[in-house]
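Everything on this sheet refers to the single structure shown next.
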Amino acid sequence: MSGTNPFPDPARQAELYGHASRLAVRSNALMRAKIFGRPVPDTIVGLVRNHHERPDRLGLALDLGCGRGTSSLAVAQELRPRRVLGLDAAPALIEQALQRVRRLPSLPVSFLQGDFHHLPVSADSCDVVVAAFCLYHSPRPQTVVAEIDRALAPGGLAVLVTKGLDSYREMDQLVAAAGLDPGAEQRESLYVSAHSSNLAELAAVSLDVLTVEDEEHSFTFDGHDHLAEYLATNPKYDLAPGLYGNPGALAATLHEFVPDRPLSTKSLVTFVVAQARGGRS
Ligand SMILES: C[S@@+](CC[C@H](N)C(=O)[O-])C[C@H]1O[C@@H](n2cnc3c(N)ncnc32)[C@H](O)[C@@H]1O
């Protein structure tokens, strides 16, 4: 992978999310490395409980860019809204989310393939809209925020989540030091389109921002083998052919060029809680 930033490029989403296993392997490697930071779905649930006027009587909750449905299921289980709809552009991830919910038939959760720039819901219909770690995939995140505003019912709440621009920069340093991608530290952040420092501003174009919470998450990867499970599908880097998608080959190259030791890194996670302008209630 190389060239322009793949994250906000719609034409490259199939590379990133065409197979559910890529996201699962990356997420598992990252979660195994986590040493500090609350589970994001739990924080989303807590923010709705704290900021929604009637969190015990929610109607429709919409989870945009729901991926494998982790936040959708947490919202359904913890907040018990009348219905949860997860929306994602990637058919492979929707299929996996559907498989997960089939094991929990009592939950009123459905998943739909779609584009978050055109929400398949009527105006004023949602009590909650979640957009976690997905707005940075839009070249026009303000359009998605305008759609969220249209979808929110009076008193409804949006919870938007993203990462800081320089998240995981220790990985960039290691990738450059190992010669895997000498330009790694100069590459544009994957999160440039919607990140910790501009998310509240983006939200405020259409919505009233109620609160912004930053939380630093810390990770320690055991060593090269563990790190390679995450790095091998990181589209940020210009890796030699044969390394992208191949954790074994990537780990072997790391072992050859840099001493094998744990790698500690950080990511700022930012939560923006907002509602329709003027409360619309
Ligand atoms: C990093 S994953 C986040 C998944 C989930 N929200 C979570 O927190 O684990 C980003 C998701 O955004 C989805 N996505 C990207 N562009 C999208 C679009 N235009 N409309 C809907 N979903 C999109 C991807 O398919 C992917 O599942």
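The values are calculated or read from the model by the stated rules, or taken from the named source; none is laboratory data. Here the structure is a predicted model, which is why all the values come from computation and not from measurement. Here the Cβ is made from the backbone with ideal geometry for all residues, glycine too, and neighbour counts use every protein chain on show. For accessibility, only protein heavy atoms count, side chains too; no ligands or nucleic acids. Shrake-Rupley method; radii C 1.70, N 1.55, O 1.52, S 1.80 Å.
Per the helix-only calculation at 222 nm, which mean residue ellipticity applies to the chain, given -39500 (n - 2.57) for every DSSP H run of n ≥ 4 and division by its residues, nearest 500 deg cm²/dmol?
-10000 deg cm²/dmol
Quick one: Cα centre-to-centre distance for the range 1-57 and the range 218-266, in angstrom?
One Cα centre to the other: 20 Å.
Grab the other residues whose beta carbon is less than 15 angstrom from that of residue 87, score K and R as +1, D and E as -1, and report the net.
Local charge sum for residue 87: -2.
Only sites in a loop by DSSP and with at most 15 other Cβ atoms within 10 Å count here; which GluC sites (Glu not before Pro) in the range 175-263 make the cut?
188
What percentage of the solvent-accessible surface of the chain, computed with a 1.4 Å probe over protein heavy atoms, is contributed by carbon and sulfur atoms?
51 percent
Using the Cα centre as the reference, give the magnitude of the dipole from point charges on the C-beta atoms of the chain (Lys, Arg: +1; Asp, Glu: -1; all else neutral), rounded to the nearest 20 debye.
In total the dipole reaches around 940 debye.
Straight distance only, please: which lysines reach the Cα of residue 34 with their own Cα at less than 17 Å, same-chain residues fewer than 8 apart left out?
163, 266
What net charge do the residues around residue 38 carry, taking every other residue with its C-beta under 12 Å from that of residue 38, with Lys and Arg at +1 and Asp and Glu at -1?
That works out to -3.
Say the dipole of the chain comes from +1 at the beta carbon of Lys and Arg and -1 at that of Asp and Glu; which of 69, 228, 85 then lies farthest toward its positive end?
It is 85, whose Cα lies furthest towards the positive end.
Scale the Cα Rg of the chain by the rule-of-thumb value 2.2 N^0.38 Å and send over the ratio, two decimals.
The chain yields a ratio of 1.01.
Excluding ligands, DNA and RNA, what is the solvent-accessible area per residue of the range 118-182 at a probe of 1.4 Å, expressed in Å²? List each step's numbers first, then the result.
Working: 1970 Å² over 65 residues.
For the range 118-182, the solvent-accessible area averages 30 Å² per residue.
Among all the aspartates and glutamates, which ones have a C-alpha under 14 Å from residue 236's C-alpha, if same-chain residues fewer than 8 places away are not counted?
9, 15, 166, 170, 172, 181, 185, 188
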